[in-house]
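Only one structure is covered here, and it is reproduced in the block below.
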Amino acid sequence: MSARSHFKAALALTLGSALIVAACSESPARPGPSPMASTGTSGVVGQPDFNQMEVCKVYSGITGPAVTIAVTVDVGDNGSIDLTLPSVTLTNGQCVEINHSAPVGAPVGDRIHLTEQVPAGYTATWTRRHTSGATNSGTGNTANGAVHFDGGWLITFTNTSNPVVQGEGRFTGGGNLELANGIVISTGLTMHCDLILSNNLNVVWKDLNDVNHHFHLEEHLTTVGCTDAANINQPPPDAPLDTMIGTGIGKFDNTDGYSIQFTFVDGGEGSNAVDRISLRIFLGNTVVLNTNGLVDVIKGNLQAHFEQPHK
């Protein structure tokens, strides 16, 4: 079985907002040109391609963390999983073509299955668009489609947060993060699920040139979203949230105007519980710190709470 390696990623995907739910044929490939009026565009990221599977990732509302999507293949579309391909990781607005295609001219195509690891605090839905232009959709984190020489699919996973009402929760604590390149980041915070209350976030680290850096958040956030995931056993204490995602403005090394994007996850208590933090600090196109996704907290603790009364 021959397969072509084809892996491309693209940012800033613009997806059509109107989806026509149609009954889409997945009949075996026919020996000869397809009678379908195809809209497939070979090699264009964000468009369904002939004989190829492509997957995209978007968030509904506030941007969430990067996700990992597992890829398996039912060779010959006979109901069994025969291959496990390398998983792919996508951020909001990214697409990638899976590095597998059915044999050209094969009487029956291969069915490619995609399974997204849904971030805590989110639910998943999917849509898929065929090279014919037909589209259908469903709920959950798994989707699949048969690819062959006259057909291919573009599958888009969309995650929607399970919101907590603003003002109901807060985060305290902090801890250290160790990145893959050896940089250790120290954090301390008191953060609210509210755009009115004052917040405190300090991030300190030493870069690879042994230079110390410090970021301090302004009092008020630009955006904030809090969620409570069913699969995270957050207590004690009880709280209406386990995940906070937001943005703000602050001072980096005594220079105003820097932005921060953050995610805090309280994984609960106990030996198997893991708190996690994601940070990106930047000014325009200049990024001064990026954890590249969620990183486990070491030597510290994040704690979610109900909000305290405020005057």
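Here, each number is a calculation from the coordinates, and none is a lab measurement. Note that the structure is predicted; figures quoted are calculated from it, not measured.
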Check: In vacuo Debye scattering of the stretch 214-308, one point per C-alpha: log10 I(q)/I(0) at q = 0.13 Å⁻¹?
Finding: -0.49
Notebook entry, point to check: Check Asp82: other-chain or 5+ apart residues with amide H under 5 Å from its amide H, H built from backbone geometry?
Noted result: Val73, Asp74, Val75
Check: What are the residues whose amide H is under 5 Å from the amide H of Gly109, where those residues sit 5 or more places off or on another chain and H is modelled from the backbone?
Finding: Ala29
Next item on the list: Would you mind checking which residues have amide H under 5 Å from His100's amide H? H placed 1.01 Å from N; only 5 or more apart, or other chain.
Entry: His6, Met53
Next item on the list: Would you list, by chain and number, the aspartates and glutamates whose Cα falls below 16 Å from the Cα of Lys57, excluding same-chain residues fewer than 8 positions away?
Entry: Glu97, Glu116
